[in-house]
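Quick notes on the structure that follows.
The values are calculated or read from the model by the stated rules, or taken from the named source; none is laboratory data. Just so it is clear, the model here is predicted, and its values are computed rather than measured. A quick note on method: Cβ atoms are made from the backbone with ideal geometry, for glycine too, and the neighbour counts reach across all protein chains shown. Areas reflect the complete protein model, heavy atoms only, side chains present, ligands, DNA and RNA absent. Shrake-Rupley method; radii C 1.70, N 1.55, O 1.52, S 1.80 Å.
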Amino acid sequence: MEPVKAIEMKGISKAFGSVMANENVSLTVYNGEIHALLGENGAGKSTLMNMLSGIYTPDSGFISIQGEQVQFTSPKDSIALGIGMIHQHFKLVDVMTAKENIMLGDKRSFFTKSSDLTKEIRAICDKYGLDIDPDKKVYEMSVGEKQTLEIIKVLYRGAKILIMDEPTAVLTPQEIARLFQIMRSMKQQGCAIVIITHKLGEVMEISDRVTVLRKGRSLDTVNTGEVDMNTLIEMMVGKAVDMEINKEKVADKQKLLEVDNLTVENAEHKNVLEEISFTLYGGEILGVAGVAGSGQKEICEAIAGLTPVKKGRIFFEGENIIGKSPRDIIKKGIRMGFIPEDRLGMGLVGNMDITDNVMLKDYHMQRGIFLNRAESAEKAERIVEKLDILTPSVRNYPVKKLSGGNIQKVLLGREIDSEPKVLITAYPVRGLDIGASHKIYDLLNEQKIQGVGVLFIGEDLDVLMHLCDRVMVFCGGKVMGTVEPDSVSKEEIGLMMAGEKIS
Amino acid sequence: MKFITISRRDDIPRNRIVLIRILAILLSIAFAGIVIMALGYNPLAVFRQMIKGALGGKIRLQQTALKAVPLIITTMGIIVAFKMKFWNIGGEGQIMMGAMAASFVALNYSHLPKTLLLILMALASIVAGGLWAFIPAIFKAKLGTNETIFTLMLNYIAIKFVTFLQYGPWKDPTSQGYPKVPDFTAKAILPNVFGVHIGWIIAIILVIVTYIFINHTKKGYEVTVVGESVDTARYAGINIQSVIIVTMLISGGMCGLTGMIQASAIEKTLTASLSANYGFSAITTAWLSRLNAVAAFFVCICFAILLQGGASLQITMNIPAAVADMIQGIILFFVLGSEFFLQYKVGFRKRLAKEEA
């Protein structure tokens, strides 16, 4: 007997303006299967899944759910058919309890008896091996718990088909292992799970089958057991890619930046950084590992002079830079590029062209009150050429229209072009595909060899361990320890990220 | 099940933009024509009269120009604020405060020579309008208050304050009890150049200055960056509070100058109604021109033609003012509405083909 097709999408096309986001894409997912959707950034994974969850409607093609052809006009239709989407960024109300969040948006009945709901939640938890306290407030939860709550929320609404958009991005290795357990038990209960990801290791570990998308087309669907990583990369990128990350040792290291006993408070007078001390040398890449929100953003902002410091000192080439204006710090050669979740938010202005973005940090050094764009246009051309940025022009073409990889290259290119002494880069490969990521790693290595001190705040532990000379692990605003990647295991770093000190 | 789909457009060919805009104007004229017909007037005659009323003859052209000048200057003020995404709805109040300050100078220092007096009046109005905009700006910069409601409320305070002056301390003792501020002396009235007061030259200069300010100065660049993304501005080391405050001083200052021009050249005194809605109309014209100062110049002239043409309907055809307002409303509705079609594509969904069995 052939298993029932939970999802069948055939010949799906979707265009945004003149861009074909999906072109004749087909995808079949069976009940009781974990199906990975793999593809580079911009390959059309999210567009495809948004059509499945009713956010977009396809221009052509058809969708069948459990053997029935359907047409969605809103996410409501999709939920009614048992499709649940778990977004990368949790959609939860912080001040409410788990139970209240589950109840939100549920239209089954106007009044819901609280004890009945608790019973129902317990039943779902038992069935799938989940664990949650229904009366715990969301803001008290760890990232892993929040994700569990999201899963329970969609299961409570009767989802049999789960779509997970990069679910592991914010988790520690231990939490990822737990998540995979949950996914396996859901699979055993007959759920169909689609996991969107670009982390190949996870694809190999968890999925039964993989569908690879490239440039909006579905390339192929293969059984995970029958392929290896290199084949998948080749399918994704279209050519074989060198996966090695170089790590060259620079012999002559000079102390550049010294952070001493740094404590930073947030607006609620809670310590977001607590007595941080470390030293950054020229000619090294110092990695910062930690689950999202462990103080990564705060340390960047503290060094860049963007946030008031409660206690402690930051020495740059022997001079305390606490209290200096962000501009003075930029002038000293400390450059920061922070890629936030939405990529554009903090480093670039989406509606401006490359030229205008390139001068963002230097324009104030020009003389007089007028702007000189010629110089910056020249610089923009140089960066575009050096980093192979694909753009029709450096003038009058807003950077937000560039692809994610090119946007990030503009940002990093600007910081590098200023010949910094210290380069702070937070999540520089966020959302980038393998090929583009490696180009960024090469650029960082190049800087390191030139004697720049690079502070690299990363998400992927594998990358941190391969790229960085030392890795500093953050947890809850404290440094749990600084390790040499060669002498520790990934699991040990994972434990430190979860708050265990290792001496 | 819905059959209309709406999706964002990324790129739109230039000729399509022109086509959509022309279509919007034609549709608005057709629609306004139907309404006029329904009210029992001949639409062709009405339109002809509107054009004639605004552009036919020297006096009417002058009248149109008189309406265009305050609109252009106020629009420049609004554009500067909107470029920073500071929603300055307080143009009315800033105009009033500018007019008040200019009047104070005009009434108390009339012994000064004419040029000096006029320059002092202009400076006073710029400072007063700027300060009136500074209040919401400093609150936004320091405390993050919402500027929309703040600037709107300040309008009423300014208007009522001028009313108070008109009925109280500044009441003309020679007006036999009629509550009005004394007329300005001849020295406090702006001179004419080619039949229209000198404000039109100021307006043209301000259009050029605003354009250069936004596009070619460091400060203007900062304004744009802050408007696009406060976070990016912060990361680039821009002092956001100071940008907000300086920008609003400029924005309010230009609105205030409008007040001085209206008081001096049009009303020749201070009245509580001299802002004549220019502060609000400027919001429309600023948007219609997409915050481009040069485009705004032409948009404002078109708007003034609409205003003047509408006003002439009342006088010559005995058509109630409300009808003229309605025609203006219809035209604006269509033109602004067409922006939606420039940004979104509306399509009708075809029935999806069944799978071939």
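Per-residue SASA remark: A:V170, around 40 Å² accessible (1.4 Å probe; ligands, DNA and RNA not included). Approximating the spin labels as points 7 Å out from Cα along Cα→Cβ, the A:K311-to-B:D325 distance works out to 6.5 nm.
Backbone geometry of the range B:127-144 corresponds, through the Karplus equation with coefficients 6.51, -1.76 and 1.60 at θ = phi - 60°, to 3J(HN,Hα) couplings of 5, 5, x, x, 5, 5, 7, 5, 4, x, 5, 5, 5, 5, 5, 8, 10, x Hz, x marking Gly and Pro. Quick check: the angle from helix B:218-228's long axis to the longest principal axis of chain B, C-alpha only, nearest 10 degrees? Between the helix axis and the principal axis of chain B, the angle is about 50 degrees. For A:T172, no residue whose modelled amide H falls within less than 5 Å of its own remains once neighbours fewer than 5 places apart on the same chain are excluded. The stretch between B:M153 and B:A45 holds 34.7 nm of extra length on full extension. This uses 0.36 nm per residue minus the Cα-Cα distance.
Positive contributions from Lys and Arg (+1) and negative ones from Asp and Glu (-1), summed over other residues with Cβ under 12 Å from the Cβ of A:K137, come out at -3.
What the phi angles of the range B:107-118 give under the Karplus curve with 6.51, -1.76 and 1.60, with θ = phi - 60°, is a coupling list of 7, 9, 10, 5, 7, 6, x, 4, 4, 4, 4, 5 Hz, glycine and proline written as x. Both radii were evaluated on the Cα set of the range A:37-175; the Rg over Rh quotient, with Rh as the Kirkwood radius, amounts to 0.98.
Using C-alpha pairs under 8 Å with a sequence gap of at least 6, the mean separation divided by the residue count of the range A:5-237 gives a relative contact order of 30 percent. The mean sequence distance of close C-alpha pairs (under 8 Å, at least 6 residues apart), as a share of the length of the range A:42-178, puts its relative contact order at 31 percent. Projected onto their three principal axes, the Cα atoms of the range A:350-419 cover extents of 35, 25, 16 Å, largest first. Taken along its three principal axes, the alpha carbon spread of the range A:5-237 comes to 50, 38, 30 Å, from the longest extent down to the shortest. Given a cut-off of under 8 Å on Cα pairs at least six residues apart, what relative contact order in percent is computed for chain B? Once normalised by length, the contact order is 35 percent. Rolling a 1.4 Å probe over the protein heavy atoms leaves A:V95 with an accessible area of roughly 100 Å². What Kirkwood radius, in Å to one decimal, follows from the Cα pairs of the range B:190-333? In the range B:190-333 this quantity evaluates to 17.6 Å. A crude spin-label estimate for the pair A:K247 and A:T118, with each label 7 Å from Cα along the Cβ direction, gives 5.0 nm.
Close amide-amide hydrogen proximity is noted between A:I163 and A:G84, A:M85, A:I86, A:V194, each under 5 Å apart and 5 or more residues distant or on a separate chain (H modeled in the peptide plane; Pro and chain starts excluded). Heavy-atom accessible area with a 1.4 Å probe sorts A:I161, B:I59, largest first, into B:I59, A:I161.
Taking only the alpha carbons of chain A, we obtain Rg and Dmax values of 24.1, 79 Å in that order.
Given a 1.4 Å probe and the protein chains as shown, A:D165 ends up with an accessible area of around 30 Å². For the pair B:V209 and B:N318 in one chain, pulling the backbone fully straight at 0.36 nm per residue adds 35.1 nm over the alpha carbon distance. Backbone geometry of the range A:321-331 corresponds, through the Karplus equation with coefficients 6.51, -1.76 and 1.60 at θ = phi - 60°, to 3J(HN,Hα) couplings of 9, 5, x, 7, 6, x, 5, 4, 5, 4, 5 Hz, x marking Gly and Pro. Note on exposure: B:M37, A:M49, B:M326 ranked by accessible area (1.4 Å probe, complete protein assembly) read B:M37, B:M326, A:M49, with the most exposed listed first.
At an R0 of 51 angstrom, the distance between the Cβ atoms of A:R327 and B:T185 translates into a FRET efficiency of 0.50. Qualifying chymotrypsin sites (Phe, Trp or Tyr not before Pro) in the range B:186-291, where qualification requires a DSSP coil assignment and no more than 14 other C-beta atoms within 10 Å, comprise B:F194.
Largest accessible area first, the listed residues A:S115, A:S64 line up as A:S115, A:S64 when surface is computed with a 1.4 Å probe on the assembled protein chains. Quick one: angle between helix A:434-449 and the longest Cα principal axis of chain A, in degrees between 0 and 90, rounded to 10, please. That works out to roughly 20 degrees.
Close amide-amide hydrogen proximity is noted between B:T217 and A:L371, each under 5 Å apart and 5 or more residues distant or on a separate chain (H modeled in the peptide plane; Pro and chain starts excluded). Figure legend: label point modelled 7 angstrom from the Cα of B:Y167 along Cα→Cβ; residues of the range B:260-304 with amide N under 16 Å from it are B:271-273.
Over chain A, dividing the summed -39,500 (n - 2.57) contributions of all DSSP H runs of at least 4 residues by the number of residues returns a 222 nm mean residue ellipticity of -9500 deg cm²/dmol. Relative to the dominant Cα principal axis of chain B, helix B:58-83 is inclined by about 70°. Would you compute the Debye intensity of the range A:363-489 from its alpha-carbon atoms alone, equal scatterers and no solvent, and pass along log10 I(q)/I(0) at q = 0.20 Å⁻¹ to two decimals? Debye output, listed in q order: -1.20.
When the Cα atoms of the protein assembly as shown are aligned to their principal axes, the ranges along those axes come out at 96, 75, 57 Å in descending order.
What's the FRET efficiency of A:A267 with A:H87 using the Cβ-Cβ distance as r and R₀ = 35 Å, to the nearest 0.05? The computed FRET efficiency comes out at 0.85.
Once the convex hull of the alpha carbons of the range B:69-291 is built, what does its volume come to per residue, in cubic angstrom? Please list the in-between numbers first.
On the way: hull volume 26.1 nm³, N = 223.
Dividing the Cα hull volume of the range B:69-291 by its residue count gives 117 Å³.
The P(r) of the range A:312-398 has a tail past 16 Å containing 64 percent of all C-alpha pairs. With 0.36 nm allotted per residue and the present C-alpha distance subtracted, the B:Y344-B:Q241 stretch has 33.6 nm of extension available.
Among the trypsin sites (Lys or Arg not before Pro) in the range B:79-161, which ones are in a DSSP loop with at most 15 other Cβ atoms within 10 Å of the Cβ? Mind listing them?
B:K85
Beta bridges assigned by DSSP with both partners in chain A are antiparallel in approximately 50 percent of cases.
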